[in-house]
């Protein structure tokens, strides 16, 4: 059955984005998303082939069927037109980040407060989605906010450290993972305000992945939640319990 289900290796797009997916100094693929996807593939007898591509290109190749799977994606109507979304596996919280010594300067209790802060430059990563509310806000930001789109989260965090942007939008675990590999100073810290935007997903190209194969992966992920495998992987990577709905 497994050979018929996965007659060829499945290609998976990735970029260097700890703690979710990255290559170690020993050349091994690692990270929370990688561990979860590998475990699901093993249950189905499928082989995965990881291909390093920038996130915007990963989405493009998923749309054209050149890649089979992408990791750690938020669900949007545009993406649902070309991709299947398997059961969510990665609870995602979005935060504003700032230089630590400037956090007290940004008095933000609600999103509307950003429009009252005076002129500022806000960094975002190209291709990222931040949930419906923030995505809509970014399409028509307040007049005082200049949105600067950068290629990768690591580069945007460096811009924040160097003072080239005032604030940065990013998920909590992703930012912490990348900051662990950057210079410790200037320190970067999140503002108090956060948004739970739902789970991140593994997404499967509608152009290259048959629906029965997608359904099998979806079922494997649901089973991993029920039998404790997925929560155990989460705890191993983040040292805390898997959030319960």
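Structure summary
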read-out	value
Subset of the stretch 116-138 [exposed (fewer than 14 other Cβ atoms within 10 Å of the Cβ) and either over 21 Å from the mean Cα position of the chain (by Cα) or free of Cβ contacts under 8 Å to residues at least 24 places away in the same chain (or both)]	116, 118, 119, 136
Tally of residues being more than 15 Å from residue 130 (Cβ to Cβ), touching a strand residue (DSSP E or B) at 6+ places or on another chain (Cβ under 8 Å) and surrounded by fewer than 17 Cβ atoms within 10 Å (Cβ to Cβ) across the stretch 194-218	1
Residues that are touching a strand residue (DSSP E or B) at 6+ places or on another chain (Cβ under 6 Å), buried (at least 16 other Cβ atoms within 10 Å of the Cβ) and at pLDDT 95 or above, drawn from the stretch 54-75	58, 62, 67, 68, 69, 70, 71
Subset tally (residues that are at positive phi and in a strand (DSSP E or B)) for the stretch 40-75	1
Test: residue in the stretch 8-24 that is assigned by TED's automatic domain parsing to the domain that holds residue 233, in contact (Cβ under 8 Å) with a residue 60 or more places away in the chain, more than 18 Å from residue 235 (Cα to Cα) and assigned to a loop (DSSP other than H, G, I, E, B)	yes
Candidates 179, 191, 167 - the one that is in contact (Cβ under 8 Å) with a residue 60 or more places away in the chain and crowded, with 20+ Cβ neighbours inside 10 Å	167
From the options 216, 220, 232, residue that is over 14 Å from residue 90 (Cβ atoms), in a helix (DSSP H, G or I), under 20 Å from the mean Cα position of the chain (by Cα) and modelled with pLDDT of 95 or more	232
Count - residues of the stretch 76-90 that are outside any helix (DSSP H, G or I) and either surrounded by fewer than 16 Cβ atoms within 10 Å (Cβ to Cβ) or modelled with pLDDT under 90 (or both)	2
All positions within the stretch 195-211 that are touching a helix residue (DSSP H, G or I) at 6+ places or on another chain (Cβ under 7 Å) and either under 30 Å from residue 165 (Cα atoms) or not in a strand (DSSP E or B) (or both)	195, 207
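The values are calculated or read from the model by the stated rules, or taken from the named source; none is laboratory data. These numbers come from a predicted model, not from an experiment. Note: ideal-geometry Cβ built from the backbone for every residue, glycine included; neighbour counts use all protein chains shown.
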